[in-house]
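Novice: Sharing a structure, written as structure tokens. Questions coming.
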Amino acid sequence: MEDFKIYSRLLKTCPSPYMYGEVAKNEDEIVTDFIIKDLNDKTCKLLNVKFDDILDKSINDILPNVIDKNLKVGQDKQIYIEKLDGWYNISCNSISEKEHIIWITENNEINNLRAIQTLVDAIPDYIFYKDKESKIIGCNKSYSKDLLELDRSEIIGKSDDELPVVDVDCENYRIKDLEVIESNTTKTYYEQVTLNNNEVIHLETIKTPLLSSNGEVLGLIGIARNINERKKYEEHLEKARSEALANIAHELRTPLNLIFSSVQMLNHRYKIVNNKTNQKDSRYLNIIKQNGYRLLKLVDNLIDSTKLNYENVEFNPQNYDLVNFIESICESVSDFANQKGMNVIFDTDIEEKIVGFDLDKMERIILNLLSNALKFNRQGKDIEVAIKDLDENIQISVKDEGIGIPDCEIYKVFDRFKQIKNKKVNSKVGSGIGLSLVKSLVELHGGNIHVESELGKGSEFIVTIPNTICSKKVDILDRISFKEKFVQKIEVEFSDIYA
């Protein structure tokens, strides 16, 4: 009791509001109750109460949400106090086992933001502030009323998972918040939210650290903008571009067919007249043919890419032995690989696997990946093609020992019209459509594809498709016709690789 009197006399002169009392806490040192035994005039004035009215009462009766915020002994806590309509720093320090002091100081850094609320409310973008624990400490009218249709008081002090917004990855939001706070850098994110009225909104959100006057990170400021109209415009623009490319591609098919017919007729004529072609003429005819195939590959990729982009492509899965199918492709490609001083090695942990897949589409996938491997592999190195049975899925991998892909470029290998920048290889080796098309064809099978690569050591493309069968049976005649066209398909697919 004597200690209490000594502390009381000392603390009465303190300029900061405080409460002195007996505390109850759990094993984690989190305060569960606080019985007020003393306080100074500053506290009475702040809370607008009389000394005798709150003496021996629980802090829960005066400030009900302070204890609810997991106030821990020895730590500061930023808390929005509804009764005071402001943000305060609350700290609890021990004097003895039961006797503690709770300090209450106004958080001017955060409350200063509230002083410009009128200005912020006039901004149509959705603006919000969060503390270091990803709790919302403020927002503008657009964020509360237009986006969430809530009063500001229903939002303050809450995290994203406590807000009435559906179909939102709150954990991902929290991780992004921490990225900004811990790195002390501004970041831009593109997000999609579904509101309670089922309206889907695409947001461009800029998050930047919220700093104190001395540079300490207090939390973050977020500015989100509804980009639904921009998305519609971009989709319209992309559709117009794709349609234009598809039309150009279709128009190119006619002259290409005439070129191929002319080359075929010239070869036939030379054989009839001379029983062989002149070596120089033969070389020129092969150049015309190869570059014609190269252009045909680009045309086909453009057309198929456009169809896939708008889900306007035929998908005809059949039950077929995937192991035999891919092994046959590898055998057919081996001669071409040998000409470039490489070997195609096929490996499988299963001898036979009947799976439902589109034969034509799967052929495009494997040929494109092999073409890519041959293009970037080193002479004398092997290309490994492997199949693994993963029970629910089948895994197909194509691995080379080539130049590899830089870490800063690997994320865009499957983007349409994107080419990887590497000083060791000519940047004009492809159109940037092939791998994007492969990804779409794999997804058409209900599968996925990813790449693992190390610069200077090679790349491995890994395809995973469901281990399922379909009701449609294989048409043997179709398969025979399929094989007859295979040689030309290899020539087309590998036309941009020069031996």
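Novice: Somewhere in the stretch 220-239, is a residue in a strand (DSSP E or B), charged (D, E, K, R) and within 20 Å of the chain's Cα centre (by Cα)?
Specialist: Checking the stretch 220-239: at least one residue is in a strand (DSSP E or B), charged (D, E, K, R) and within 20 Å of the chain's Cα centre (by Cα).
Condition check ((1) under 26 Å from GLY402 (Cβ atoms); (2) surrounded by 18 or more Cβ atoms within 10 Å (Cβ to Cβ); (3) in contact with a strand residue (DSSP E or B) (Cβ under 6 Å, 6 or more places away or on another chain); (4) not assigned by the TED database to the domain that holds ASP400) across all residues:
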position	(1), (2), (3), (4)
ILE329	yes, yes, no, no
VAL333	yes, yes, yes, no
PHE336	yes, yes, no, no
GLN339	yes, no, no, no
ASN343	yes, no, yes, no
GLU351	no, no, no, no
GLU363	yes, yes, no, no
ILE366	yes, yes, no, no
ALA373	yes, yes, yes, no
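Novice: Do you know which of the residues in the stretch 80-111 that are at pLDDT below 75 and β-branched (Val, Ile, Thr) is nearest to LYS130 (Cα to Cα)?
Specialist: Across the stretch 80-111, the extreme among qualifying residues is ILE110.
Novice: Would you mind telling me which numbered condition in (1) among the hydrophobic types (A, V, I, L, M, F, W, C); (2) touching a strand residue (DSSP E or B) at 6+ places or on another chain (Cβ under 9 Å); (3) modelled with pLDDT under 85 ILE403 fails?
Specialist: Checking ILE403 against (1) among the hydrophobic types (A, V, I, L, M, F, W, C); (2) touching a strand residue (DSSP E or B) at 6+ places or on another chain (Cβ under 9 Å); (3) modelled with pLDDT under 85, the one that fails is (3).
Novice: Also, quick follow-up: Might you check whether a residue that is exposed (fewer than 14 other Cβ atoms within 10 Å of the Cβ) and at pLDDT below 85 occurs anywhere in the stretch 124-143?
Specialist: No, that holds for no residue.
Novice: Can THR188 be described as modelled with pLDDT of 85 or more, closer than 16 Å to TYR126 by Cα and not aliphatic (A, V, I, L, M)?
Specialist: The answer is yes for THR188.
Novice: On to the next question. Of all residues in the stretch 436-450, which are surrounded by fewer than 21 Cβ atoms within 10 Å (Cβ to Cβ) and assigned to a loop (DSSP other than H, G, I, E, B)?
Specialist: GLY446, GLY447
Novice: Starting from residues that are among the acidic types (Asp, Glu) and surrounded by 12 or more Cβ atoms within 10 Å (Cβ to Cβ), keep the ones in the stretch 160-185 and report whichever is modelled with the lowest pLDDT.
Specialist: ASP169
Novice: Mind checking whether some residue in the stretch 171-180 is farther than 30 Å from ASN301 by Cβ and in a loop (DSSP other than H, G, I, E, B)?
Specialist: Looking through the stretch 171-180, none of the residues is farther than 30 Å from ASN301 by Cβ and in a loop (DSSP other than H, G, I, E, B).
Novice: Something else: The conditions are (1) at pLDDT below 90; (2) surrounded by fewer than 19 Cβ atoms within 10 Å (Cβ to Cβ), and ILE490 fails exactly one of them. Which is it?
Specialist: Every condition holds for ILE490 apart from (2).
Novice: Additional query: Just checking, which of ILE365, ILE345 is β-branched (Val, Ile, Thr), touching a helix residue (DSSP H, G or I) at 6+ places or on another chain (Cβ under 7 Å) and at pLDDT 90 or above?
Specialist: ILE365
Novice: Say whether the condition of being in contact with a Leu (Cβ under 9 Å, 6 or more places away or on another chain), acidic (Asp, Glu) and either on the phi < 0 side of the Ramachandran plot or not in a loop (DSSP other than H, G, I, E, B) (or both) is met by at least one residue in the stretch 356-366.
Specialist: For the stretch 356-366, residues in contact with a Leu (Cβ under 9 Å, 6 or more places away or on another chain), acidic (Asp, Glu) and either on the phi < 0 side of the Ramachandran plot or not in a loop (DSSP other than H, G, I, E, B) (or both): present.
Novice: Looking at (1) surrounded by 12 or more Cβ atoms within 10 Å (Cβ to Cβ); (2) under 27 Å from the mean Cα position of the chain (by Cα), which is the only condition LEU266 fails?
Specialist: It is condition (2) that LEU266 fails.
The values are calculated or read from the model by the stated rules, or taken from the named source; none is laboratory data. Since the model is a prediction, treat every value here as computed from it, not as a measurement. We place every Cβ from the backbone using ideal geometry, glycine too, and count neighbours over all the protein chains shown.
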